[in-house]
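A short worksheet on the structure shown next.
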Amino acid sequence: MSSSDHSEKLDHAPALAAFIRDEGFPCVGAKSALAKDNIDILNARDIRSAWDDLVILRRLHEFAARYVREGELFTSFAVIFDGPLDLDELAFETALWDRVQSLHDKDEWKGKSWDESVDSNPGASDFSLSLGGQAFFIVGLHPNASRAARRFSQPTLIFNLHDQFERLRADGRYEKLRETILARDLAANGSINPMLARHGSVSEARQYSGRAVGEDWVCPFQPHRLKAMA
């Protein structure tokens, strides 16, 4: 697990490693990434602030470019924020989408195109966030998450490359991996997360924050250009 940071910010990488290693943590993909030292960490300040967004975006661009070059499976990029630690699920969801919108705005300004393998409309069933020309699925963690698998000591955004899921599906490994995660989630929580869904069935945007949302939920993210109009 690599961690690069300014000295004035706290280093939360060891805590995230311990969280993922815990027997009750269900995501075996994250465990594999950790075991291979393939989780790239950036420590940041306040998740409600745009203070670190340019650094986050630069590191995401580097991460995406490295994946294109090397193509290694089970790799993630995590941004761990110092706080705040008292956000409820709705406040965390709001902060998450504020950061996503800001990153997208800056990505667009830098001339990065949307990954053509996914839709830019957050209401579409095949939506994924695109940054640096690569599609990402975001997993949000924070201290007050209702699900144990999302309940980490710091507000955190973990960016997982969508292409990894497609490669696992093409190799016939995706369904087995998914079933293992669901079984572990059931054992840890007593129920399976109702928000989990296969890509292509409903918009994955509903899953990013970890908050259970209803059918009437509308994603606040506004892409600059819808893929169909590009």
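Bear in mind that the values in this text are calculations on the coordinates, not laboratory data. Treat the numbers as computed from the prediction; the structure is a model and nothing was measured. Note: ideal-geometry Cβ built from the backbone for every residue, glycine included; neighbour counts use all protein chains shown.
Data for the structure
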read-out: Descending semi-axes in Å of the stretch 1-129, equivalent ellipsoid built from Cα gyration tensor; value: 23, 20, 17
read-out: Lys pairs under 28 Å by Cα in the chain, provided they are eight or more residues apart or on distinct chains; value: 9
read-out: Average projected area [Cα convex hull, the stretch 73-149], square nanometres; value: 6.4 nm²
read-out: Percent RCO, i.e. relative contact order, over the chain, from Cα pairs under 8 Å lying at least 6 residues apart; value: 23 percent
read-out: Compactness index (Cα Rg / 2.2 N^0.38 Å), the stretch 137-192; value: 1.29
read-out: Evaluated over the chain, the Cα radius of gyration and Dmax, each in Å; value: 16.4, 46
read-out: Relative contact order, percent, the stretch 30-145 [alpha-carbon distance under 8 Å, six or more residues apart]; value: 29 percent
read-out: Per-pair calculated FRET efficiency, R0 = 22 Å: Arg225 and Ser117 via Cβ, rounded to 0.05; value: 0.85
read-out: DSSP-defined antiparallel bridges as percent of all bridges, the chain, nearest 5; value: 55 percent
